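Chemist: Here it is, the structure, as structure tokens.
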Amino acid sequence: MNRNVGIVIVSHSPDVAKGAADMVRQMVGKDVPLAWCGGDPDGRLGTSVDAIEKALQTAWSDRGVVIMVDMGGAETNSEMAIERLPEKKRAKVVVCNAPIVEGR
């Protein structure tokens, strides 16, 4: 069993998602389950429920998973991906309503 909560980063841009995940990995090392997804299935800006579901499986921890999103559609699709999980796992996933990137 992993001692740490998993992290999933969901962005409309695959570059933003991967970049944010790279920064997280550098900060937390390999002890934290981490996955990212971004873009729609056609490679354009957007998000995919299927990709989020796969990322949840990759970053799964019995301690739970936090999903960090960039904006509304990512949050909606993340909630849809959570609904696909077995009921026991759903309670262990939280969508964090905080920016994954910010500008000034």
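The values are calculated or read from the model by the stated rules, or taken from the named source; none is laboratory data. All values reported here derive from a predicted model rather than from experimental measurement. Note: ideal-geometry Cβ built from the backbone for every residue, glycine included; neighbour counts use all protein chains shown. For accessibility, only protein heavy atoms count, side chains too; no ligands or nucleic acids. Shrake-Rupley method; radii C 1.70, N 1.55, O 1.52, S 1.80 Å.
Chemist: Filter the range 51-66 for residues that are closer than 19 Å to Asn2 by Cβ and touching a Gly at 6+ places or on another chain (Cβ under 9 Å) and give the result.
Modeler: Matches in the range 51-66: Leu56, Thr58, Ala59, Trp60, Ser61, Arg63, Gly64, Val65, Val66.
Chemist: Oh, and also: Please go through the range 53-104 and pick out each residue that is over 17 Å from Asp40 (Cα atoms), free of Cβ contacts under 8 Å to residues at least 60 places away in the same chain, open to solvent by 50 Å² or more (accessible area, probe 1.4 Å) and of a type in the set (Val, Ile, Thr).
Modeler: If the condition is that a residue be over 17 Å from Asp40 (Cα atoms), free of Cβ contacts under 8 Å to residues at least 60 places away in the same chain, open to solvent by 50 Å² or more (accessible area, probe 1.4 Å) and of a type in the set (Val, Ile, Thr), then Thr58, Val94 are the ones that fit.
Chemist: Looking only at the range 30-48, which residues are surrounded by 10 or more Cβ atoms within 10 Å (Cβ to Cβ) and closer than 25 Å to Asn4 by Cβ?
Modeler: Val32, Pro33, Leu34, Ala35, Trp36, Cys37, Gly38, Thr47
Chemist: Another one. Which numbered condition trips up Asn4, out of (1) of a type in the set (S, T, N, Q); (2) closer than 19 Å to Glu102 by Cβ; (3) open to solvent by 40 Å² or more (accessible area, probe 1.4 Å)?
Modeler: Here Asn4 meets the rest and fails (2).
Chemist: Go through the range 15-29 and give me each residue that's surrounded by 18 or more Cβ atoms within 10 Å (Cβ to Cβ) and over 11 Å from the mean Cα position of the chain (by Cα).
Modeler: The one that is surrounded by 18 or more Cβ atoms within 10 Å (Cβ to Cβ) and over 11 Å from the mean Cα position of the chain (by Cα): Val16.
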